[in-house]
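In what follows, a structure is listed as structure tokens, so that the remarks can point back to it.
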Amino acid sequence: MEIKPFTGQPISVLAYDGSPVTNLDSLGISKDEYLSIYRWLVLARAVDDRGYILVRQGRAGFYAQIAGQEASQIGSALPLTKDDWLYGDHRSQGSMLVKGLRAAEWFAHVLGRSLDPSQGRLMPHGPGRNDLHIVPPSSTVGNQITEAVGTAMAQRIKKRKEITIVYFGDGATSEGDFHVGMNFAAVYGSPCIFFCQNNQYAISVRLQEQTHTKTIAEKAKAYGMDGFLVDGNDVLAVYAVSKHCADKARSGNGPSLIEAYTYRYGPHSSADDDTRYRPKGELEMWRNERDPVVRFRRFLEKQKLWNDDKEQKLLAEVKAELAVALEEAEKSPVPEPMTVLDHTYEKLTPHLEWERKELAAELGV
Amino acid sequence: MATAEVTKTQTQSTMVQALRSALLEEMERDENVVLLGEDIGPRGGVFLITEGLIDRFGKDRVIDTPLAEAGIIGAAVGMACYGLRPVAEIQFIDFIFPGFDLLVSEAAKMRYRSAGQFACPMVVRSPYGGGVRGGGYHSQSPEAYFVATPGLKVVAPSNPYDAKGLLIASIRDNDPVVFMEPKKIYRAVKNEVPAGTYEIPIGKAAITREGKHVSVITYGAMVHVALEAAEIMQKERVEVEILDLRTLQPYDSEAILETVGKTGHVVVLQEAPRIGGFAGEIAAFIAEEAIGYLEGPIVRVAGWDTPFPYALEKAYMPNAQRVCRAIKKSINF
Ligand SMILES: Cc1ncc(C[n+]2csc(CCOP(=O)(O)OP(=O)(O)O)c2C)c(N)n1
């Protein structure tokens, strides 16, 4: 399969009905790997479904679902090695799971419990884990982009065979950070993948109101970088393009921009009402005809790798696994109030020491 | 006599030389220290602080960047998270604002938001302050924004010796430091700067001049305005003590209490506009913690609450006369 930048149509491997439109052998994916990819898709969706319920139950304050975007996240994270670095945004928990974040940690993050690697300090956008090289995103759209470039610059300076991937949405491409980051990475040939999940909306603003270019991928041209437009609901296509860009970056051939053309099923977040801005029928069309999980299942069925029995078994298995994960998260305590001052600096400053005494008095400890 | 003079000037360094030797020594000591900024390579930076360093350490460690402060500070954050110790130069602190978001939303909060998993051991150095005919965009003193951002440390040296020791300490510090260099005295003030490595601890103030009647608490280039005022007041038999804070966040509260306890009269001097300025924090701290020592009002001396002017900067900048008036207001209460 030849992977070319700046195609007019999104690069795809599977038709909507799951039949391959390209030679599969060139992907070099084994049968076991196909099954493992499917498991990730199913798991990511199930984690999200479970997580969102926590908000409905009033047990969590915020949730941004990835539903509809699972193929973009799984397909782009699978080519990463343990040493590679990942910068997410507020909608990249699927990729973080593939990178090694445990579902229990994710739930703890959503609930704000101490099992959360970031100890409940962040709105649930992704907790980060240093040992997995996942950097926790702030809430400021776009900021992670220049940071990721800094990490990629450092990887090149240190002559390591690692790369950095950074996730952001279509809306983020209007921020200066996107342009600054793309320019820096191109100038230094940094081993970086700019992965744009174009879910066609930034909260309520549609892509046509966000930018005047037809695609986001073509913006790469302005920086002397390759831009790839890929069908973000086709996990094999996303994998193939991401692998291509990862190999390219790893072998010293610089950064790439990937635009994964996809669709968000849920509201922007648990605080949004998407019925105010979505045209009638659009969501249903994407859900019924282009769903990334169903599409890949159809593919597996056509390859005789999957059937209803296996499906039921997998769903039951994932459900049980997540029940255990959630229980683990719930068992973990809310962080101690006295820790609220910690980690502002490496050590408490004299002023924070003073505030610590005030807080202790207030809490009666 | 001629020889003696030459020897004397040789042991005296400017702040430019002191800062350069701090960078050079730290880069030799630790290969994770890298520099990035605009024109810092062959040009040596517009104030020549990084002159010659690219020849010594190469392009990978002295990185000339595209003209984008958000990129410089953002990249520094990503480098620091990865384990490097970047020292970013912002050409003038007036131009830090395109990168302000990265400093206050990212560098300052990375440790906290990751519960200590990630840190940003980085320094953002930048020339600040007026008195160089720089107009409104080459003269400002925006320290209040940074001091008001938990997670950042803020340092402002007043002389070459301190500048070197403080920069070395800042580079070795595991938290992000905004290092404000008083450009008016880059070359105007000299003192003895040893060749070897030494640190001046962050968070420790210094008494620049001892006195028993009134304390002037200040930092950066204003220390020299305070010295001038002290000379004038001396003639009127008022002995002025000058406390040079050196670090603004975290500031040395003990040293402040000590000098206030000694004199009972306080003037807080800053170049930045008064309202919402750092001097207000110091005044409030003293009012809260040392009201019993005070024998007069705490008086602030600051720049006017306007943007920084070009042709009229003399009328704008705090000067010795303004400080003397404030001292009198405090002691004649
Ligand atoms: C700098 C900034 N501006 C505004 C917001 C509020 N906000 C959060 S997410 C969002 C839309 C982001 O859209 P996009 O980048 O397309 O990502 P998506 O949410 O669609 O995944 C907005 C406006 C913010 N968090 N940060």
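The values are calculated or read from the model by the stated rules, or taken from the named source; none is laboratory data. Since the structure is predicted, the reported quantities are computational estimates derived from the model, not experimental observations. Every residue, glycine among them, receives a Cβ derived from its backbone with ideal geometry; neighbour counts consider all protein chains shown. Note: accessible area is taken over every heavy atom of the protein model, side chains too, but ligands, DNA and RNA are not part of it. Shrake-Rupley method; radii C 1.70, N 1.55, O 1.52, S 1.80 Å.
See the values below:
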quantity	calculated
Filtered residue count, the range B:100-114, keeping only those that are more than 19 Å from A:V149 (Cβ to Cβ), more than 7 Å from chain A (Cβ to nearest Cβ) and aromatic (F, W, Y)	0
Counted residues, the range A:123-148 - those being of a type in the set (D, E, K, R) and either closer than 12 Å to A:H90 by Cα or under 17 Å from the mean Cα position of the chain (by Cα) (or both)	2
From B:I217, B:I242, B:I200, residue being more than 25 Å from B:A284 (Cβ to Cβ) and either open to solvent by less than 10 Å² (accessible area, probe 1.4 Å) or hydrophobic (A, V, I, L, M, F, W, C) (or both)	B:I200
Matching residues in the range A:156-214 - criterion: being surrounded by fewer than 21 Cβ atoms within 10 Å (Cβ to Cβ), of a type in the set (S, T, Y) and more than 14 Å from the ligand (Cβ to nearest atom)	A:T213
Odd one out for B:A4 among (1) at pLDDT below 95; (2) open to solvent by less than 50 Å² (accessible area, probe 1.4 Å)	(2)
Any hit, the range A:111-122, residues being open to solvent by less than 10 Å² (accessible area, probe 1.4 Å), away from the ligand (no atom under 16 Å from the Cβ), within 8 Å of chain B (Cβ to nearest Cβ) and under 13 Å from the mean Cα position of the chain (by Cα)	no
Only one of A:K214, A:K221, A:K159 that is assigned by TED's automatic domain parsing to the domain that holds A:Q69 and assigned to a helix (DSSP H, G or I)	A:K221
First in the range A:37-61 and part of a loop (DSSP other than H, G, I, E, B), second anywhere and aliphatic (A, V, I, L, M), Cβ under 8 Å, 6 or more apart	A:R59/A:L111; A:A60/A:L54; A:A60/A:V110; A:A60/A:L111; A:G61/A:V55; A:G61/A:M123
Residue check for A:G61: within 16 Å of the ligand (Cβ to nearest atom) and surrounded by fewer than 20 Cβ atoms within 10 Å (Cβ to Cβ)	yes
Those residues of the range A:84-103 which are within 16 Å of the ligand (Cβ to nearest atom) and assigned to a helix (DSSP H, G or I), in sequence order	A:Q93, A:G94, A:S95, A:M96
Residue match in the range A:266-281 (condition: within 16 Å of the ligand (Cβ to nearest atom), in a helix (DSSP H, G or I) and either within 14 Å of another protein chain (Cβ to nearest Cβ) or surrounded by fewer than 23 Cβ atoms within 10 Å (Cβ to Cβ) (or both))	yes
Condition check for A:T81: among the hydroxyl-bearing types (S, T, Y), more than 15 Å from the ligand (Cβ to nearest atom) and under 17 Å from A:I134 (Cβ atoms)	yes
Of residues in the range A:149-176 being under 19 Å from A:G94 (Cβ atoms) and hydroxyl-bearing (S, T, Y), the one nearest to the chain's Cα centre (by Cα)	A:Y167
Criterion violated by A:A316 - all others in (1) in a helix (DSSP H, G or I); (2) under 27 Å from A:V13 (Cβ atoms) satisfied	(2)
Pick from the range A:170-197, criterion farther than 17 Å from B:A68 by Cα and in contact with a Cys (Cβ under 7 Å, 6 or more places away or on another chain), ranking: farthest from the other protein chains (Cβ to nearest Cβ)	A:D170
Selection count where residues are assigned to a strand (DSSP E or B) and surrounded by fewer than 24 Cβ atoms within 10 Å (Cβ to Cβ), scope the range A:224-259	2
Options A:K82, A:K99; residue that is of a type in the set (D, E, K, R), under 13 Å from the mean Cα position of the chain (by Cα) and open to solvent by 10 Å² or more (accessible area, probe 1.4 Å)	A:K99
The range A:129-144, subset open to solvent by less than 10 Å² (accessible area, probe 1.4 Å) and under 14 Å from A:T164 (Cβ atoms), residue nearest to the ligand (Cβ to nearest atom)	A:P137
Count - residues of the range B:124-155 that are away from every other protein chain (no Cβ under 14 Å) and of a type in the set (V, I, T)	1
From the options B:R187, B:R125, residue that is open to solvent by less than 10 Å² (accessible area, probe 1.4 Å) and more than 17 Å from B:D252 (Cα to Cα)	B:R125
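Residues are listed down the side, and each one gets a yes or a no for (1) under 25 Å from B:E143 (Cα atoms); (2) touching a strand residue (DSSP E or B) at 6+ places or on another chain (Cβ under 7 Å); (3) within 14 Å of another protein chain (Cβ to nearest Cβ); (4) surrounded by fewer than 20 Cβ atoms within 10 Å (Cβ to Cβ):
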position: B:Q12; (1), (2), (3), (4): no, yes, no, yes
position: B:G37; (1), (2), (3), (4): yes, yes, yes, no
position: B:I40; (1), (2), (3), (4): yes, yes, no, no
position: B:T65; (1), (2), (3), (4): yes, yes, yes, no
position: B:G74; (1), (2), (3), (4): yes, no, yes, no
position: B:D94; (1), (2), (3), (4): yes, no, no, no
